[in-house]
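These notes are about the structure you will find just below.
The values are calculated or read from the model by the stated rules, or taken from the named source; none is laboratory data. Since the structure is predicted, the reported quantities are computational estimates derived from the model, not experimental observations. Positions of Cβ are generated from backbone atoms using ideal geometry, with glycine treated the same way; all protein chains shown enter the neighbour counts. Just so you know, the surface numbers come from the protein's heavy atoms only, side chains and all, with ligands and any DNA or RNA stripped out. Shrake-Rupley method; radii C 1.70, N 1.55, O 1.52, S 1.80 Å.
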Amino acid sequence: MLPARRLAPLLRARPPLPRARGYAEAAPGPAPMALTFASPTQVFYNAANVKQVDVPTLTGSFGILASHVPTLQVLKPGVVTVHAEDGTATKYFVSSGSVTVHADSTVQVLAEEAVTMDMLDLATAKSNLEKAVSEMAAASDEAAKAEAQIKVEANEALVKALE
């Protein structure tokens, strides 16, 4: 058993219990997400506040919201959807590029080529896909086959997005 003088400092070190309970402070809302989305020929968004961005990447498609974990991904051919704060959604087709999500809720989407979906035509996309498939079949060396394979993949994604 411990002597009383050794127990006294332990008993006095306890903080006093609160006498009244209060309400917790309200949790802060999510920080706005600033999107910069551009291609070499056009800037679509320049630090614009948006609600969500959906992107196709080599590791799969995913949505980005404010306070998303920082990441760097490579875009694959597909549809980037930008959800504005008012709830409207705008879709763009991208050929390739990168997406960077920063810790401060800023997002950069840099595309090699990007166009709004209303600028594309399904019949033309199907025709281009057929040409790319025939180019791949006729390719004689590895470089030509690889180039044709890229055209096939991009056109397949384009046809899928338009259907």
Query - Too-long pairs where the Cα-Cα distance tops 20 Å, listed order kept, from Lys51/Lys160; Lys91/Lys145; Lys131/Lys151 - result: Lys51/Lys160; Lys91/Lys145
Query - Per residue value of the accessible surface for region 56-120 (all protein chains in place, 1.4 Å probe), Å² - result: 52 Å²
Report task. Just add up the charged neighbours of Val107: K/R +1, D/E -1, any other residue whose Cβ is under 12 Å from the Cβ of Val107. Result -> -1
Report summary line: The long-range amide H neighbours of Glu113, using H built 1.01 Å from N in the peptide plane and a cut-off of under 5 Å, are Ser95, Ser96
Report summary line: Counting Lys and Arg as +1 and Asp and Glu as -1 over every other residue whose Cβ sits under 14 Å from the Cβ of Ala84, the net charge comes to -1
Query raised in the report: Using a simple spin-label model with points 7 Å from Cα along the Cα→Cβ vector, what separation in nm is obtained for Ser98 and Leu122?
Result: 3.6 nm
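If contacts are Cα pairs under 8 angstrom and at least 6 residues apart, what is the relative contact order of region 50-134 in percent?
On the way: 160 pairs, mean separation 20.1, N = 85.
Here the relative contact order equals 24 percent.
With all distinct Cα pairs included, what does the Kirkwood hydrodynamic radius of region 67-163 come out to in Å, to one decimal, could you say?
On the way: mean 1/r = 0.0667 Å⁻¹.
Here the Kirkwood hydrodynamic radius works out to 15.0 Å.
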**Report entry** Karplus (6.51, -1.76, 1.60) ³J(HN,Hα), θ = phi - 60°, over region 43-50, in Hz, Gly and Pro reported as x
**Finding:** 9, 8, 9, 10, 6, 7, 6, 10
Query raised in the report: Which percent of the accessible heavy-atom area of region 84-163 goes to carbon and sulfur, probe 1.4 angstrom?
Result: 52 percent
